1. Consider only pairs whose beta carbons are under 8 Å apart and that are at least six residues apart or on different chains; among these, list those whose first residue lies in segment 78-91 and is in contact (Cβ under 8 Å) with a residue 12 or more places away in the chain and whose second residue is hydroxyl-bearing (S, T, Y) and part of a loop (DSSP other than H, G, I, E, B).
2. Condition test on A345, is it modelled with pLDDT of 85 or more and either open to solvent by 20 Å² or more (accessible area, probe 1.4 Å) or out of contact with any helix residue (DSSP H, G or I) (no Cβ under 9 Å at 6 or more places or on another chain) (or both)?
3. Only one of (1) surrounded by fewer than 24 Cβ atoms within 10 Å (Cβ to Cβ); (2) in contact with a Phe, Trp or Tyr (Cβ under 9 Å, 6 or more places away or on another chain); (3) charged (D, E, K, R) is not met by K66, so which one is it?
4. Return only the number of the condition from (1) open to solvent by 10 Å² or more (accessible area, probe 1.4 Å); (2) over 22 Å from A401 (Cα atoms) that D277 does not satisfy.
5. Restricting to segment 212-236, and then to whatever is polar (S, T, N, Q) and surrounded by 24 or more Cβ atoms within 10 Å (Cβ to Cβ), can you tell me which residue is modelled with the lowest pLDDT?
6. Evaluate the following for L160: is it surrounded by fewer than 24 Cβ atoms within 10 Å (Cβ to Cβ), at negative phi, over 16 Å from the mean Cα position of the chain (by Cα) and modelled with pLDDT under 85?
7. Quick test for you: out of A203, A134, A145, pick the one residue that is within 17 Å of L7 (Cα to Cα), surrounded by 18 or more Cβ atoms within 10 Å (Cβ to Cβ), in contact with a Phe, Trp or Tyr (Cβ under 9 Å, 6 or more places away or on another chain) and touching a residue at least 12 places away in the same chain (Cβ under 8 Å).
Amino acid sequence: MTKYRTLLLATVGFNFSFLIWFSFAPFTGPMAEEFGLSLAEIGVLSSAAIWLAPFGRMLTGWLSDKFGAPTVFAIVLGYVGVFSMASAFAETYTVFFVERLIVATAGITFVIGIQHVAEWFDEENLGLAEGIYAGVGNAGAAAGALVLPRVFGTNWDGPLFATNWRAAFFYTGVVAVVLAVVYYAFGEAAKDEQTRQATKDGATLSEWLHTATRYGTVVLAFAYVMTFGLELSMNGWLATYYREGFGTDSLVLASTFAGTFSIAAGLLRPVGGYVSDRVAREERDILPVFTGRYREQWTFVALSFVVVAMFGMTLAGLSGDVLVAVAAGFLVGMGCAFAEGAIFAQVPAMFPNNSGAVAGVVGGVGTVGGIVYPLVYAAPLLPNLHVGYAVVAASMIPIVALAGWVFQPHVAAEATTSGFLDRSDSGAEPSDD
């Protein structure tokens, strides 16, 4: 059926987008040696991979509603592939840095696929479908960590390059261009013309402003900062952490340790969406608070688990045992997966005709964590590389408290219609929703 082909296209496209987004992470050591980078500069490079994502996701979410996901997805994959190939030939760090900034916009494809899947699947299965899409897609970071160092991590001598990371960037770029053509050729924007038209009609600036400022949108965006933003930061940092924090000299071994986090954060994400669907269908209360708000209860549990797991990450690192730290990283990834699946089960369920716009806001704001957190991990004022995780965990507590306020039944019932701007302020037309 076409909806399953859509899910497959979106998942493969996003999986490879995630791989190419973080394809630099396994090679930070060789790149630092070639360009003369310090540990702090590596932290900046990890952060820079996220700089363009917030605005890019907001824009592409709206563009997907307006013009359809296949067209937008193909365009992004196409130019990302071209610049990835170009970065393989960079001779100066400045040129390389700018080109990799553009390549890093591969991460904006997430909201395109979220919108595309939402246009084909009914509400009762949305959480699972979006979880499969995002979970398997996010696992592209693990694929990059596990596969790229093994294929290109030795003294690889191919027809174009004798330097491993340059070969990796060139050939992943080629694959991205091929996928762009495939997505455009086989993708269909929506399950029927009525669905497509309703989404297109809602893609106005005034409607976007109204939707972006709903309480439900805002709290899910901040929740995504502490989950997906955290995932981004860990994907770009953990290989460096295991190498520098525990004296792991092997590039392949450090990347493998980091890959365990990415596997958990990616492949377990469908569980988060499935549980959200399940408790909503069965109308099951799993907390003594937020009675009757089933999806919200599960999201709150998952967010709380992330905070606890991050404190555990610091304790595991201070133990000095790298395997304990790897296990703690796996638990953090699991918490991210559950929470992210829960959040994006709520997005299309709450905003069925504006799923691209809301996904853009939530996904865009959420990437801010990926910009800020690596700077905390590598901060020179911290006593060691392990303490940064506890600092980040402490910063998450106000977000969980905000979620606790919005998820109260009397607030949650109005979260899609009430917010910081009413329709007259945003210029949107009155609605009966």
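1. What qualifies is S84/S23.
2. No; evaluated as a whole, the condition is false for this residue.
3. The one condition K66 does not meet is (2).
4. (1)
5. N235
6. So L160 passes the test.
7. Answer to the check: A134.
Results for (1) buried (at least 22 other Cβ atoms within 10 Å of the Cβ); (2) in a helix (DSSP H, G or I); (3) under 20 Å from the mean Cα position of the chain (by Cα), shown as yes or no for each residue.
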| position | (1), (2), (3) |
| --- | --- |
| L238 | yes, yes, yes |
| R243 | no, yes, no |
| S255 | yes, yes, yes |
| L287 | no, no, no |
| V306 | yes, yes, yes |
| F311 | no, yes, no |
| G320 | no, no, no |
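The values are calculated or read from the model by the stated rules, or taken from the named source; none is laboratory data. Just so it is clear, the model here is predicted, and its values are computed rather than measured. Positions of Cβ are backbone-derived with ideal geometry, glycine not excepted, and every protein chain shown enters the neighbour counts. Note: areas computed on protein heavy atoms with side chains; ligands, DNA, RNA excluded. Shrake-Rupley method; radii C 1.70, N 1.55, O 1.52, S 1.80 Å.
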